[in-house]
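Read through the structure below, which is laid out as structure tokens, and then see the notes.
The values are calculated or read from the model by the stated rules, or taken from the named source; none is laboratory data. Predicted model only: the values in this text are computed from it and were never measured. Cβ placement follows ideal geometry from the backbone for every residue including glycine, while neighbour counts extend to all protein chains displayed. Just so you know, the surface numbers come from the protein's heavy atoms only, side chains and all, with ligands and any DNA or RNA stripped out. Shrake-Rupley method; radii C 1.70, N 1.55, O 1.52, S 1.80 Å.
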Amino acid sequence: MRFVVALVLGISLIVSASLLKDGLTEMRTGDRYVTVKGVAEQEVTADLALWPIRFAATGDTLDAAREQARKSRESVIAFLKLQAIADDAVELQRLDVVDTGANPYQPEGGARKFIINQVLMVRTDEVDKVRQAAQNVSDLVDSGVILSSDYGPTGPTYLFTRLNDIKPDMIARATAAARESARQFARDADAGLGGLRRANQGVFQILARDQAPGVTAEQQPVKTVRVVSTFDYYLK
């Protein structure tokens, strides 16, 4: 009887030791992985241009300021037509009237002025026309239009809106680059490359093609789209 009990206990210890060994082996194997990054970049051209044209008119009376504002607005619209920008791509976005006489800090005896600020917004997918028009903007100044930098910059903003169209291909290229890096690491480490442990797509960035201090992606019609994806691969 004692012999049978001892035999059962012995077998149980052997089985337990075997299971524990297998468990530790799997845990060590599971801890063996490499983290790699895959980078994909693509040059794209903006497909939407936004150009807020800000200008001001002044006068000693409200009627005089309004007349000057009307002439300036007509000059801007005529300029845009000359640049072949469609009428439906232009809309009046803002109009402000300032009476300097209502300013409590106006010096006593100071001349009263009326100032009218206007913003005509150009929104179009004809990016090249906006680029050309922006290069000829001095023609507006020559015609008597007072351009203003109030409420923001006066230059065009160029946007790329078709990011979803290029995402799948860029993710595929980033994934392939990361896997090749993992293969190279495995070869250098004299190990085999296992399956995928974890993946992080990363964030897509739209960057200026020509990166320099003070240059933003919105100022450049041609941009660089970049994504850095991160992957963990098991080693075996």
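One table, with the values for the structure above:
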{"quantity": "Within the range 55-85, tally of residues that are assigned to a strand (DSSP E or B) and open to solvent by 30 Å² or more (accessible area, probe 1.4 Å)", "calculated": "1"}
{"quantity": "So residue 140, is it free of Cβ contacts under 8 Å to residues at least 40 places away in the same chain, among the aliphatic types (A, V, I, L, M) and open to solvent by less than 60 Å² (accessible area, probe 1.4 Å)", "calculated": "no"}
{"quantity": "Matching residues in the range 145-159 - criterion: being hydroxyl-bearing (Ser, Thr, Tyr) and modelled with pLDDT of 90 or more", "calculated": "157, 158"}
{"quantity": "In the range 39-84, residue nearest to the chain's Cα centre (by Cα) [restricted to those that are aromatic (Phe, Trp, Tyr) and more than 22 Å from residue 217 (Cα to Cα)]", "calculated": "55"}
{"quantity": "The range 207-236 - residue that is of a type in the set (A, V, I, L, M, F, W, C) and surrounded by fewer than 17 Cβ atoms within 10 Å (Cβ to Cβ) and, of those, nearest to residue 126 (Cα to Cα)", "calculated": "222"}
{"quantity": "Looking only at the range 86-120, and only at residues there that are modelled with pLDDT of 70 or more and more than 21 Å from residue 65 (Cβ to Cβ), the one that is most open to solvent (accessible area, probe 1.4 Å)", "calculated": "88"}
{"quantity": "Unmet requirement for residue 36, which otherwise passes all of (1) farther than 28 Å from residue 220 by Cβ; (2) modelled with pLDDT of 95 or more; (3) open to solvent by 80 Å² or more (accessible area, probe 1.4 Å)", "calculated": "(3)"}
{"quantity": "Hits in the range 176-215 (condition: within 30 Å of residue 52 (Cα to Cα) and in contact with a strand residue (DSSP E or B) (Cβ under 6 Å, 6 or more places away or on another chain))", "calculated": "204, 205, 206, 207, 209, 215"}
{"quantity": "Odd one out for residue 49, checked against (1) assigned to a helix (DSSP H, G or I); (2) touching a Phe, Trp or Tyr at 6+ places or on another chain (Cβ under 6 Å); (3) within 16 Å of residue 133 (Cα to Cα)", "calculated": "(1)"}
{"quantity": "Residue 111 assigned to a loop (DSSP other than H, G, I, E, B) and farther than 30 Å from residue 176 by Cβ", "calculated": "yes"}
